[in-house]
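Read through the structure below, which is laid out as structure tokens, and then see the notes.
The values are calculated or read from the model by the stated rules, or taken from the named source; none is laboratory data. Keep in mind that this is a model prediction, so the values were computed, not measured. Here the Cβ is made from the backbone with ideal geometry for all residues, glycine too, and neighbour counts use every protein chain on show. Calculation scope for accessible area: heavy atoms of the full protein, side chains included, ligands and nucleic acids excluded. Shrake-Rupley method; radii C 1.70, N 1.55, O 1.52, S 1.80 Å.
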Amino acid sequence: MNLIVAVDRNWGIGCGNRLLVSIPSDMKFFRETTMGKVVVMGRKTLESFPNGLPLRNRTNIVLTSNSNYQAKGATVCHTVEETLEELKKYNDDDIYIIGGGSVYRQFLPYCSVAHVTKIDHVFDADTYFPNLDEMEDWKITADSDEQTYFDLEYQFLKYEKI
């Protein structure tokens, strides 16, 4: 299972249920990487999308504890266990955890690859991703050249669980 995330220098990922920054090449990387795949997200992440609609051309799975929650065009699960059972229908390599914070934390133990866009800046954040650099079982196995978007420098990193 994979995950895909953009983090700042402190591993912040969001503030006020919004991304910290929108970098076009990061959005393009996200689109190209997850297109035609299975994306797993929490309810707030789904609701942060335009019109609160699932991502097109992907299988959307939403995890929420709200037993009455429905999302048109998405499969709704209510526990991690129920979500993992649903994910058995798909190839592990085609599954991407896309947020938010609690969903990342709950599924990190099941993931073997993390696609991290690391932004060399500290933003005002209220949601964080676990710092993979501090975890002995995660190693960077691929990295891009440093990229620039206006005054922001960032890099695409691939971490793998060893």
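Considering only DSSP states other than H, G, I, E and B, which chymotrypsin sites (Phe, Trp or Tyr not before Pro) in region 128-162 qualify as loop sites with at most 10 other Cβ atoms within 10 Å? Show your work: numbers first, answer last.
Numbers: sites: Tyr128, Trp138, Tyr149, Phe150, Tyr154, Phe156, Tyr159; in loops: Phe150.
The qualifying sites are Phe150.
Over all directions, average the projected area of the Cα convex hull of region 84-158 and note it in nm².
Values: hull surface 25.1 nm².
If I average the Cα hull's projected area over directions, I get 6.3 nm².
By how many degrees, 0 to 90 and rounded to 10, does the Cα axis of helix 24-34 deviate from the longest principal axis of the chain?
40 degrees
A 26 angstrom limit on the alpha carbon distance is what I want to check against. Which of Lys44/Lys139; Lys88/Lys118; Lys44/Lys89; Lys37/Lys158; Lys89/Lys118 exceed it? Working shown, then result.
Numbers: Lys44/Lys139 29 Å; Lys88/Lys118 30 Å; Lys44/Lys89 24 Å; Lys37/Lys158 18 Å; Lys89/Lys118 31 Å.
Result: Lys44/Lys139; Lys88/Lys118; Lys89/Lys118 exceed 26 Å.
Nearest 500 deg cm²/dmol is fine: what mean residue ellipticity at 222 nm does the chain get from its DSSP H runs of n ≥ 4 alone, each adding -39,500 (n - 2.57), divided by its residue count? Write down the numbers at each step before the final one.
Values: 4 runs with 32 residues, N = 162.
So the helix-based figure for the chain works out to -5500 deg cm²/dmol.
Can you give me the Rg/Rh ratio for the chain, using Cα atoms for both radii and the Kirkwood formula for Rh?
Details: Rg = 15.1 Å, Rh = 16.1 Å.
Here Rg/Rh amounts to 0.94.
Percent of accessible area on region 52-133 owned by carbon and sulfur, 1.4 Å probe?
Details: 1940 of 4310 Å².
It is 45 percent, rounded to a whole number.
Go ahead and run the numbers for FRET between Arg9 and Leu53, Cβ-Cβ distance against an R0 of 22 Å, rounding to 0.05. Intermediate values should be presented prior to the final figure.
Values: r = 32 Å, r/R0 = 1.45.
Efficiency computed from Cβ-Cβ geometry: 0.10.
Counting only heavy atoms of protein chains, what accessible area per residue, in Å², does the chain have with a probe of 1.4 Å? Mind showing how you got there, number by number?
On the way: 8980 Å² over 162 residues.
I get 55 Å² per residue for the chain.
DSSP beta bridges in region 17-162, what fraction antiparallel, as a percent rounded to 5? Before the final figure, lay out each step's value.
Values: 15 of 28 bridges.
In region 17-162, approximately 55 percent of DSSP beta bridges are antiparallel ones.
Which GluC sites (Glu not before Pro) in region 128-162 sit in a loop by DSSP (not H, G, I, E or B) and have at most 14 other Cβ atoms within 10 Å of their own Cβ?
On the way: sites: Glu134, Glu136, Glu146, Glu153, Glu160; in loops: Glu136, Glu146.
In loop regions of region 128-162 (DSSP not H, G, I, E or B), the sparsely surrounded GluC sites (Glu not before Pro) are Glu136, Glu146.
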